[in-house]
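Computed from the coordinates by the stated procedures, all read-outs in this text should not be read as laboratory data. Predicted model only: the values in this text are computed from it and were never measured.
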Amino acid sequence: MEDEKIIELYLRRDENAIFETQRKYGRSLYAIALNILRDFEDAKECENDTYYKAWLNIPIQKPSYLMAYLSRISRNVALDRIAHKNAKRRKGETVEFCDELDYSLRCGTIEQYLDSYEICRIIDEFLDSLTDEKNAIFIRRYRESESISQIAEELNISESKVKMTISRLKVKLRKCFDREGIVI
């Protein structure tokens, strides 16, 4: 089912919206949470929490890109779960890889732009301009929240190559934003 139709189901408050979302994006949302939490049960709970938050929020905000919207919710739910688990222990652990792109772009205001059509268009064009390997690295790192070692292993390349590629892609993406006059 197309994203527009799924969003319409949410807007009509049709419970099939959750079923269709799970059918189309469930595996990806679960993988995002699992890559952050490293716990199967917590990841499944985060996936379900993502559907619940989408159910509550989509009638208020109509997302331009459903998967990007759901991915952001899933990441935030997983990060909140880590913060909650570590609050008592005060371990000081952070999930660096989820914030890496935001930090490198000196964002602070990236949340304001995430739902913006312009930002999505620029990122889409940026991804379209990449080779398959670079695109896979970028997507696995920032959408799927995979670790450097996971990406290297799955793509059968060295970790240093993954790190260097990510570093160069962040610079290239920043130039794309600068060229379009978007300050992040």
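One Cα centroid belongs to the range 128-184, the other to the range 29-44; the line between them spans 22 Å. Its residues counted as N, the range 3-87 yields a C-alpha radius of gyration over 2.2 N^0.38 Å of 1.06.
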